[in-house]
1. Only one of these conditions is not met by residue 177: (1) assigned to a loop (DSSP other than H, G, I, E, B); (2) not assigned by TED's automatic domain parsing to the domain that holds residue 28. Which number is it?
2. Of all helices (runs of 4 or more DSSP H) completely enclosed by the stretch 198-286, which ones contain at least 2 residues that are closer than 28 Å to residue 329 by Cα?
3. Looking at residue 151 and the list (1) surrounded by fewer than 21 Cβ atoms within 10 Å (Cβ to Cβ); (2) more than 16 Å from residue 354 (Cβ to Cβ); (3) touching a residue at least 60 places away in the same chain (Cβ under 8 Å), which single condition is not satisfied?
4. Looking at 313, 322, can you tell me which residue is surrounded by fewer than 19 Cβ atoms within 10 Å (Cβ to Cβ), assigned by TED's automatic domain parsing to the domain that holds residue 192, in contact with a helix residue (DSSP H, G or I) (Cβ under 8 Å, 6 or more places away or on another chain) and in a helix (DSSP H, G or I)?
5. Kindly indicate whether any position in the stretch 130-149 is under 28 Å from residue 251 (Cβ atoms), in contact with a strand residue (DSSP E or B) (Cβ under 8 Å, 6 or more places away or on another chain) and in a helix (DSSP H, G or I).
6. Given the options 301, 318, 342, 275, name the one that is at pLDDT 95 or above and within 18 Å of residue 186 (Cβ to Cβ).
7. If I filter the stretch 294-306 for residues that are more than 30 Å from residue 100 (Cβ to Cβ), in contact (Cβ under 8 Å) with a residue 40 or more places away in the chain, crowded, with 16+ Cβ neighbours inside 10 Å and not assigned by TED's automatic domain parsing to the domain that holds residue 93, do I get at least one hit?
8. Check the stretch 260-271 and report whether any residue there is crowded, with 18+ Cβ neighbours inside 10 Å, modelled with pLDDT under 90, touching a helix residue (DSSP H, G or I) at 6+ places or on another chain (Cβ under 9 Å) and within 30 Å of residue 341 (Cα to Cα).
């Protein structure tokens, strides 16, 4: 926020949504604004992993009135329409509209076959990683109504690099020290069972653990929604495999780039973490649980950056990986670079990005104007 700005701004995570932390906390750090959460556990995670961010926990009952009273602009990862469902009456009672700026929570390819991105058609201002996301919003008719947008590049990776020593030490203490030395570190990052049934978690996990090569370590970072949508089933599955000497489930660890920095091989399905991994230009493998066609399905756009593996091949996952590694760079290095540029360029300095975001505040009507 500029020194003379009349606006009071904050980030917001409403309800249990820890997967938003790694997107909003770096943004709040960049803009020097507080992050508001409703869950005590999320407050603790922010304090642990983003200690410079001022985080405030307010219960969900008290929050609407307090937020509308004190805040003018909110940065959030959910669409404006969902914000108004919760804060409509508080805004109406105070005759005040709280403006929102949408921040993406990853560059997932979900939404091509389901109505998700269309829900952004009421946004006034959006932060967008690069040309790929702009093209996606245009396709979904959720771009032209924007008063302003800011192309951010991969500001989360820049945040990690700025704080690299801090995060690398956390990874060393919380993860690497608890694993034996290894030749390769594999990261499996499955998404959740959303409306597109994208997740490979239930079906692939047993094969990934059972067939893990000797002297390889496996990190498993399931989407937090997997543990909320069917907690008993998923906790039971995790408990079945968590005592394996070379396997670690990463459950309460929001920052993704410190994990990617130690990863040699990425295995995913439709998680946006796959796009985050592009900048490292290392081997990628994609579990196509529903056997969708990568040649025509835009939701499988990222699959061209690595090897597709179908359910009938799960028992051979590591054989496929080991056979691919010697030729991976030749096959996929250039396309990974190309798609990373398309997704996250242009790169911007911290100072320039902050200035461009703050300039967006000027497109909002005066904060004292009526809500309607």
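1. (1)
2. Working: elements: 201-210, 224-229, 231-241, 257-262, 273-277.
Passing ranges, in order: 201-210, 257-262, 273-277.
3. For residue 151, the exception is condition (2).
4. Working: 322 fails: in contact with a helix residue (DSSP H, G or I) (Cβ under 8 Å, 6 or more places away or on another chain).
From the options 313, 322, the qualifying one is 313.
5. The answer is no; no qualifying residue exists.
6. 318
7. Here is the first cut: in the stretch 294-306, the residues more than 30 Å from residue 100 (Cβ to Cβ) are 294-297, 300, 303-306.
From what is left, the residues that are in contact (Cβ under 8 Å) with a residue 40 or more places away in the chain are 297, 300, 306.
After this cut, where a residue has to be crowded, with 16+ Cβ neighbours inside 10 Å as well, the list is 300, 306.
Of the ones still in play, those that are also not assigned by TED's automatic domain parsing to the domain that holds residue 93 are 300, 306.
Yes, the stretch 294-306 contains at least one residue that is more than 30 Å from residue 100 (Cβ to Cβ), in contact (Cβ under 8 Å) with a residue 40 or more places away in the chain, crowded, with 16+ Cβ neighbours inside 10 Å and not assigned by TED's automatic domain parsing to the domain that holds residue 93.
8. Checking the stretch 260-271: at least one residue is crowded, with 18+ Cβ neighbours inside 10 Å, modelled with pLDDT under 90, touching a helix residue (DSSP H, G or I) at 6+ places or on another chain (Cβ under 9 Å) and within 30 Å of residue 341 (Cα to Cα).
The values are calculated or read from the model by the stated rules, or taken from the named source; none is laboratory data. Just so you know, these numbers come straight off a predicted model, no measurement behind them. With ideal geometry, Cβ positions are generated from the backbone for all residues, glycine too; neighbour counts draw on all protein chains shown.
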